[in-house]
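Read the figures in this text as sums done on the coordinates, not as results from a lab. No experiment lies behind these values; they were computed from the predicted model shown. All Cβ positions, even for glycine, are placed from backbone atoms using ideal geometry, and neighbour counts span all protein chains on display.
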Amino acid sequence: MRQQVRPKKNLGQHFLTDLGIARRIADTVDACADIPVLEVGPGMGVLTQFLAKKPRELAAVEIDKESVEYLKTHPLPLSRGGELRIIEGDFLRMNLNEVFGGRQFVLTGNYPYDISSQIFFKMLDNRDLIPCCTGMIQHEVALRMAAKPGNKQYGILSVLMQAWYDVEYLFTVEPSVFNPPPKVQSAVIRLTRNNVTDLGCDEQLFRRVVKATFGQRRKMLRVSLRQLLPHPFPSPMRGGECMPPDDFFQLDMMTRRPEQLTIAEFVNLTNLVSEWI
């Protein structure tokens, strides 16, 4: 086994050592469109070597200089010819339009636990470039991403991701297949862009509403939403009739908690809030 790069705690590195698991993760991109693949955090290329066998254009972004040097001195040939393109840098700071000349691509990798949510939020901001995303993340995060309304795992990440992507929880990975072993289980997921092109509400306000309500997830919406609304409240006219704030907070929806709302209901709630801010 290649084991010449030292895992660095500050980078959240846990190197996958099981080649069977690496092959299974690489195969998750097969269900995605036949477009280029960008791997985040290849490390020593345990996953990369199987991605390289696919007839796709492949690039890898790596922030760890030691890993970059290792990959350069152990070049991986691609099935379609040439060698792996290595991008040294921070994925979170990259202009993703520049990676494949503005073309769409699949995002994959064994994502660092400490920045996995940030990676997915960047993906959301670039969703027109990334129709499919696969990879390995912390088990708990995977459960949150795939959770449905009414589930205790359902939260901010569930709503924001599922608004734009179909989320599949594929399989669980035990800590023993990593060096060093993490203290938690991991999971492999796949996200495929859905057909939504417009939420039907202000997207930035939608995010604010979702975050505000789940920030007080045990409280009814009529409590958690007050932080978003101005005080004193304005009195906009609705169909010739005035709707005072007290009536707004007495709507049936306001007695519910955020984990009970579907994405469509969050869209409706956002539109209601937009009338008062």
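At a glance:
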read-out	value
Residues Lys53 and Leu124, FRET efficiency given R0 of 51 Å [Cβ-Cβ distance, rounded to 0.05]	0.95
Inter-site label distance for Gln4 and Leu205 at 7 Å from Cα along Cβ, in nm	5.7 nm
Theoretical FRET efficiency, 1/(1+(r/R0)^6), r = Cβ-Cβ of Gln216 and Arg80, R0 51 Å, to 0.05	0.50
Over the chain, equivalent-ellipsoid semi-axes from the Cα gyration tensor in Å	42, 19, 15
